[in-house]
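Notes for the one structure printed next.
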């Protein structure tokens with residue numbers, strides 16, 4: 001392979017790499033007519049081409065957190081999200097999508113858990129009742 005083709009292949013491989021971040025956030029929400037705010041913590045993964053997290057990436061992180069939250073609360077009722085607070089952003093490194101999503105050989109994903117109940121998401125159940 002010529003030197004030019006090698007450089008081109010290396011550039012293509014580099015452009016396929018993305019920076020991955022684990023984002024932890026707290027979702028503040030209400031259920032149906034219950035005006036009492038509840039809160040729950042969720043995680044999401046977001047990517048960046050250049051390793052920086054600008055406003056656009058933070059907005060995507062908040063949307064990804066809401067998506068993770070909605071997966072957890074399926075069947076809970078009329079849930080209204082009041083706020084999304086990003087608690088932490090942890091860099092996970094630079095990966096291709098294939099590398100990042102590869103499971104170790106023989107690994108099986110756990111079955112989808114049952115929807116989280118409203119009681120399980122009450123702040124006093126998550127963080128204690130202040131004792």
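Do you know which residues across segment 33-44 are modelled with pLDDT under 95 and assigned to a strand (DSSP E or B)?
34, 35, 36, 37, 38, 39, 40
Give the residues of segment 51-104 that are assigned to a loop (DSSP other than H, G, I, E, B) and within 12 Å of residue 21 (Cα to Cα), sorted by residue number.
Matches in segment 51-104: 51, 52, 53.
Kindly provide the set of residues from segment 29-43 that are surrounded by 15 or more Cβ atoms within 10 Å (Cβ to Cβ) and either in contact (Cβ under 8 Å) with a residue 40 or more places away in the chain or farther than 14 Å from residue 81 by Cβ (or both), ordered by number.
If the condition is that a residue be surrounded by 15 or more Cβ atoms within 10 Å (Cβ to Cβ) and either in contact (Cβ under 8 Å) with a residue 40 or more places away in the chain or farther than 14 Å from residue 81 by Cβ (or both), then 29, 30, 31, 38, 39, 40, 41 are the ones that fit.
If you scan segment 59-77, which residues turn out to be touching a strand residue (DSSP E or B) at 6+ places or on another chain (Cβ under 7 Å) and in contact (Cβ under 8 Å) with a residue 24 or more places away in the chain?
61, 62, 64, 65, 66, 68, 69, 72, 73, 76, 77, listed by residue number.
Would you point out the residue of segment 13-28, among those that are in contact with a strand residue (DSSP E or B) (Cβ under 6 Å, 6 or more places away or on another chain) and over 14 Å from residue 84 (Cβ atoms), that is surrounded by the fewest Cβ atoms within 10 Å (Cβ to Cβ)?
22
The values are calculated or read from the model by the stated rules, or taken from the named source; none is laboratory data. A quick note: this is a predicted structure, and the numbers were derived from the prediction, not measured. Reconstructed Cβ throughout: ideal geometry from the backbone, glycine too, with neighbour counts over all protein chains shown.
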